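**Student:** Please find one structure pasted underneath; my questions will follow.
The values are calculated or read from the model by the stated rules, or taken from the named source; none is laboratory data. What you see is a predicted model; the values in this text were computed from it and never measured. So basically every Cβ, Gly included, is an ideal-geometry build from the backbone, and we count neighbours across all protein chains shown.
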Amino acid sequence: MKKIFSIFAVALAAFAFASCAGDEDDLFSQSAAERLNEASDLYSSRLTAQPNGWAMQLYPTTKDEAPYGNGYLVLMRFHKNHQVDVSMNNVLTNNVYLSDSSSWDVITDDGPVLSFDTHNEALHKFSDPDDVPQTGTSDNPNDETGTGIGGDFEFIIVDAPEDASYMMLKGKKRGTYNLLTPVEEGVDYESYLTDVKGFMSKMFPANYPTYNLLHAADSLYRFDGADDGLPSIYLDGADAITTGKFNPFLITKRGQDYYLRFRDKATYNGLSVQEFRYSRDSDEFVSVDNKDVYISGNDAISFFNSYLGTSAHRWAVTVSANEDLSTLMSDSYLTIFNQISNEFKAVNKNYYIRSLSLRNDNGAIKLSIDYSGRVPARYVDYNLTKTENSDGSVKFEYTGCDDAAQKILNRVPSIQQMIDLLCSSDYSIKGGDTNFNLTNIRLTSKADANNWIIFGMK
């Protein structure tokens, strides 16, 4: 059973000694000051117990707006000589890695308090009254000058288990709770932060028109605007403005697993949750508190159809000089794609394929091939119909082309093979890598899973 040391216990012991020492001289063998010093040593040993330090989920304030209400991932390694190494990579560091060393101490101020008592370029960015980079307006570019983020540099130690499996700190002024979990030995701090930041960007990208879903038993909630870690969560179908509630979160990594943890415990459909683990098998963040609550990406099929249903949009395989096309299409597609490219070069040695895309032309679906040479870019279209099946798959059927496209088809016959392959079976649809990020869509043949192609949003 974990032995939890709390500030209440320390304060109670000190009070009991002070009030009874005169009558019971033998009750304690140490003075109050000695016991407080012992408590300081005890908590200091907890902080230094993890040789590679801690990942701190730091929330400077309880506000619901960026950048004040955001969570910040801060890595810190405490040394027995009372030096601390603090590292982070976020908006406060202009999104570059920053690491600094300074001193720390556990003081006894109505209980154990972790104090960063000399200036640290990383940690003190939360409490310094400086402007926050990348915020403000043209009229008021330095809008935080004089106040800064408004966070703490001293933290009450609330929980510190004997096994040093975690620690819970509370901001001394702002009262926010900040969880510390161990960083595994051998993990490089800069690499860890880059990894987590990359995972966050992949799962919650900023610039694409979709959303995520929080499932709570038989209830469904929209999970909007999660790219900055400050999502608005509300019942699906309800008004976002009047019913949406913000609950900031952070991503951390423990071993090979990624975790999403809300700042505040929340209740959805009567189920209380706070932390989720990402499951690669199901492509979901599943609550560690209640398996009936999980966060998923948007429905890939619906998004594919709705995006393709707009003339301004298209799904495309775009060719660039350094692009490895084997990551974008199966061997069956790649073989035909290369044949098309070679046949274009046979027509004109300067021709090359710019992209292969599915696009909407005033309601008609086109398989479009863009090609170019020393002349302006050209494209040819081949007409398709798209049927949406009851199981969520789609089926394409070729319906012909105009005379100009037919002339190209006669000279580049492998285009017909591409059309035939695309129309050969029903296709299931999911995110290229994850349904949390639908900037890329993977179409996989239901007849042969070895036939697949990934289109990107354009």
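**Student:** Mind listing just one residue for me: the one in the stretch 413-458 that is among the hydrophobic types (A, V, I, L, M, F, W, C) and assigned to a strand (DSSP E or B) and, of those, farthest from residue 333 (Cα to Cα)?
**Tutor:** Step one: filter the stretch 413-458 for residues among the hydrophobic types (A, V, I, L, M, F, W, C), giving 415, 418-419, 421-423, 429, 436, 438, 441, 443, 447, 449, 452-455, 457.
Then keep just the ones that are assigned to a strand (DSSP E or B); that gives 429, 441, 443, 452-455, 457.
Values: 429: 16, 441: 15, 443: 12, 452: 7, 453: 7, 454: 10, 455: 12, 457: 19 Å.
My answer is 457.
**Student:** Kindly provide the set of residues from the stretch 340-362 that are within 39 Å of the chain's Cα centre (by Cα), surrounded by fewer than 18 Cβ atoms within 10 Å (Cβ to Cβ) and in contact (Cβ under 8 Å) with a residue 40 or more places away in the chain, ordered by number.
**Tutor:** Within the stretch 340-362, 361, 362 qualify.
Yes/no matrix, rows are residues, columns are (1) surrounded by 15 or more Cβ atoms within 10 Å (Cβ to Cβ); (2) in contact (Cβ under 8 Å) with a residue 40 or more places away in the chain; (3) in a loop (DSSP other than H, G, I, E, B):
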residue	(1), (2), (3)
194	no, yes, no
201	no, no, no
205	yes, yes, yes
210	yes, yes, yes
214	yes, yes, no
220	yes, no, no
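**Student:** Of all residues in the stretch 369-390, how many are acidic (Asp, Glu) and free of Cβ contacts under 8 Å to residues at least 24 places away in the same chain? Give the derivation first.
**Tutor:** So the first thing to find is which residues in the stretch 369-390 are acidic (Asp, Glu), and the list is 370, 381, 388.
Those still in the list that are free of Cβ contacts under 8 Å to residues at least 24 places away in the same chain too: 370.
So the count comes out to 1.
**Student:** Being hydrophobic (A, V, I, L, M, F, W, C), in a helix (DSSP H, G or I), touching an Asp or Glu at 6+ places or on another chain (Cβ under 9 Å) and buried (at least 20 other Cβ atoms within 10 Å of the Cβ), is that true of even one residue in the stretch 230-238?
**Tutor:** In the first step, residues of the stretch 230-238 are kept if they are hydrophobic (A, V, I, L, M, F, W, C); the result is 230, 233, 235, 238.
Cutting the leftovers down to in a helix (DSSP H, G or I) gives us none.
Taking every residue of the stretch 230-238 in turn, none turns out to be hydrophobic (A, V, I, L, M, F, W, C), in a helix (DSSP H, G or I), touching an Asp or Glu at 6+ places or on another chain (Cβ under 9 Å) and buried (at least 20 other Cβ atoms within 10 Å of the Cβ).
**Student:** Using the structure shown, decide if residue 397 is touching a residue at least 60 places away in the same chain (Cβ under 8 Å) and in contact with a strand residue (DSSP E or B) (Cβ under 9 Å, 6 or more places away or on another chain).
**Tutor:** Working: touching a residue at least 60 places away in the same chain (Cβ under 8 Å): no; in contact with a strand residue (DSSP E or B) (Cβ under 9 Å, 6 or more places away or on another chain): yes.
No; evaluated as a whole, the condition is false for this residue.
Residue by residue, here is whether (1) within 22 Å of residue 347 (Cβ to Cβ); (2) surrounded by fewer than 16 Cβ atoms within 10 Å (Cβ to Cβ); (3) not hydroxyl-bearing (Ser, Thr, Tyr) holds:
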| residue | (1), (2), (3) |
| --- | --- |
| 378 | yes, yes, yes |
| 381 | yes, no, yes |
| 389 | no, yes, yes |
| 396 | no, no, yes |
| 405 | yes, no, yes |
| 418 | yes, no, yes |
| 427 | no, no, no |
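**Student:** Given the condition of a type in the set (A, V, I, L, M) and at pLDDT below 95, answer yes or no: does some residue in the stretch 55-66 qualify?
**Tutor:** Just the residues of the stretch 55-66 that are of a type in the set (A, V, I, L, M), to begin with: 55-56, 58, 66.
Next, from what is left, pick out any that are at pLDDT below 95: 66.
Within the stretch 55-66 (the criterion being of a type in the set (A, V, I, L, M) and at pLDDT below 95), the answer is yes, since at least one residue qualifies.
**Student:** Another one. Find all pairs meeting these conditions: Cβ atoms under 8 angstrom apart; at least six residues apart or on different chains; first residue within the stretch 310-331 and closer than 9 Å to residue 455 by Cα and free of Cβ contacts under 8 Å to residues at least 40 places away in the same chain; second residue outside any loop (DSSP other than H, G, I, E, B) and of a type in the set (Asp, Glu).
**Tutor:** From residues that are closer than 9 Å to residue 455 by Cα and free of Cβ contacts under 8 Å to residues at least 40 places away in the same chain, there are no pairs.
**Student:** Among the numbered criteria (1) farther than 22 Å from residue 173 by Cβ; (2) at pLDDT 95 or above; (3) of a type outside the set (A, V, I, L, M), which single criterion is violated by residue 138?
**Tutor:** Unmet for residue 138, out of (1) farther than 22 Å from residue 173 by Cβ; (2) at pLDDT 95 or above; (3) of a type outside the set (A, V, I, L, M): (2).
**Student:** Considering the stretch 30-72 alone, what residues qualify as being closer than 16 Å to residue 168 by Cβ and either in contact with a His (Cβ under 9 Å, 6 or more places away or on another chain) or of a type in the set (A, V, I, L, M) (or both)?
**Tutor:** 42, 47, 49, 55, 56, 58
**Student:** Something else: I need a count of the residues in the stretch 192-214 that are within 8 Å of the chain's Cα centre (by Cα) and under 17 Å from residue 254 (Cβ atoms).
**Tutor:** 6
**Student:** Taking the conditions exactly as written (touching a Leu at 6+ places or on another chain (Cβ under 8 Å), surrounded by fewer than 20 Cβ atoms within 10 Å (Cβ to Cβ) and within 19 Å of residue 177 (Cβ to Cβ)), does residue 64 satisfy them or not? Working first, answer last.
**Tutor:** Working: touching a Leu at 6+ places or on another chain (Cβ under 8 Å): yes; surrounded by fewer than 20 Cβ atoms within 10 Å (Cβ to Cβ): yes; within 19 Å of residue 177 (Cβ to Cβ): yes.
It is true that residue 64 is touching a Leu at 6+ places or on another chain (Cβ under 8 Å), surrounded by fewer than 20 Cβ atoms within 10 Å (Cβ to Cβ) and within 19 Å of residue 177 (Cβ to Cβ).
**Student:** Collect the residues in the stretch 287-303 that are buried (at least 20 other Cβ atoms within 10 Å of the Cβ), modelled with pLDDT of 95 or more and among the hydrophobic types (A, V, I, L, M, F, W, C), keeping them in residue-number order.
**Tutor:** Hits for the stretch 287-303 are 293, 295.
**Student:** Looking at the stretch 248-285 only, could you name the residues that are in a loop (DSSP other than H, G, I, E, B) and surrounded by 20 or more Cβ atoms within 10 Å (Cβ to Cβ)? Lay out the reasoning, then the answer.
**Tutor:** So the first thing to find is which residues in the stretch 248-285 are in a loop (DSSP other than H, G, I, E, B), and the list is 248, 255-256, 269-270, 280-283.
Passing the criteria: only 248.
**Student:** Any residue that is more than 33 Å from the chain's Cα centre (by Cα) and of a type in the set (Ser, Thr, Tyr) - is there at least one of those in the stretch 438-448? Show your work before the answer.
**Tutor:** The first filter runs over the stretch 438-448 and keeps only residues more than 33 Å from the chain's Cα centre (by Cα), leaving 447.
Those left that are additionally of a type in the set (Ser, Thr, Tyr): none.
Scanning the stretch 438-448 turns up no residue that is more than 33 Å from the chain's Cα centre (by Cα) and of a type in the set (Ser, Thr, Tyr).
**Student:** I'd like to check which strands (runs of 3 or more DSSP E) are fully inside the stretch 55-173 and have at least 1 residues that are hydroxyl-bearing (Ser, Thr, Tyr) and farther than 28 Å from residue 198 by Cβ. Spell out how you get there, then give the answer.
**Tutor:** Working: elements: 72-78, 83-88, 98-103, 105-108, 112-115, 154-159, 167-171.
Passing ranges, in order: 98-103, 105-108, 112-115.
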